[in-house]
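Report on the structure given below.
The values are calculated or read from the model by the stated rules, or taken from the named source; none is laboratory data. Please read these numbers as outputs of a predicted model, since none were measured by experiment. Cβ: placed from backbone, ideal geometry, glycine included. Neighbour counts: every protein chain shown.
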Amino acid sequence: MSMYRKVLVAVDLSDESEQVLRAAAEIAAANEAEILILHVTDNPVTLYSQWSDYVVPYSEDKIRELLFSKLADLVESLGLNKSLITIDFGRAIDLIVDKADKEECDLIVVGSHGRHGVKLLLGSTANGVLHHASCDVLAIRVRETIE
Ligand code: AMP
């Protein structure tokens, strides 16, 4: 019997994201569960064009497009479909928990640590999700990628 029907994996685009995504994909496959992939970026984010004399902030759509294509490469390299990706703007903990509630996910997969490093036993986002989620939360113990 499958334990989970719908898995939400939160990916922060750090070097360790592949480990988290790979583990979530394996869990989803083993449970014959659906998988959804979420990346949250700060709001507002302003990037500036390096090719212009003018200061041109990228639109929300442009930022979403850039992040989407970065994540799509990783997602497709693991044999998953890029249509499963959502890019949202706001506070990561809130949006991860909200998405899991709205989509009726029964498991959220996060990395034990992400871009905020390994100083805490459990990273701050992972910890926040664990405290606020209404479903199971699995923290994948990530190993730091040495470039
Ligand atoms: P942290 O608590 O920031 O060290 O990150 C731990 C884990 O939380 C990461 O491995 C991701 O699974 C998730 N996470 C952190 N920030 C984000 C984000 N902006 N978008 C999606 N997931 C995130």
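Yes/no matrix, rows are residues, columns are (1) at pLDDT 95 or above; (2) outside any loop (DSSP other than H, G, I, E, B):
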{"position": "Tyr4", "(1), (2)": "yes, no"}
{"position": "Val9", "(1), (2)": "yes, yes"}
{"position": "Ser14", "(1), (2)": "no, no"}
{"position": "Leu21", "(1), (2)": "yes, yes"}
{"position": "Ile27", "(1), (2)": "yes, yes"}
{"position": "Ile35", "(1), (2)": "yes, yes"}
{"position": "Thr46", "(1), (2)": "no, no"}
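Yes or no: Ser83 small (Gly, Ala, Ser), at pLDDT below 95 and either within 12 Å of the ligand (Cβ to nearest atom) or within 15 Å of the chain's Cα centre (by Cα) (or both)?
Values: small (Gly, Ala, Ser): yes; at pLDDT below 95: no; either within 12 Å of the ligand (Cβ to nearest atom) or within 15 Å of the chain's Cα centre (by Cα) (or both): yes.
No.
Could you count how many residues in the range 77-98 are exposed (fewer than 12 other Cβ atoms within 10 Å of the Cβ) and in contact with a helix residue (DSSP H, G or I) (Cβ under 9 Å, 6 or more places away or on another chain)? Before you say what the answer is, go through the steps one by one.
Of the range 77-98, the ones exposed (fewer than 12 other Cβ atoms within 10 Å of the Cβ) are 77, 79, 81, 83.
Next, only the ones that are in contact with a helix residue (DSSP H, G or I) (Cβ under 9 Å, 6 or more places away or on another chain) stay: 77, 79, 81.
The total comes to 3.
Which one is modelled with the lowest pLDDT, of the residues in the range 50-75 that are part of a loop (DSSP other than H, G, I, E, B) and surrounded by 11 or more Cβ atoms within 10 Å (Cβ to Cβ)?
Val56
Taking the residues in the range 94-147 that are of a type in the set (S, T, N, Q) and assigned to a loop (DSSP other than H, G, I, E, B) as candidates, determine which candidate is modelled with the lowest pLDDT. It would help to see each step written out before you state the result.
First, the residues of the range 94-147 that are of a type in the set (S, T, N, Q): 112, 124-125, 127, 134, 145.
Narrowing further to those that are assigned to a loop (DSSP other than H, G, I, E, B): 112, 134, 145.
On the way: Ser112: 89, Ser134: 97, Thr145: 62.
That would be Thr145.
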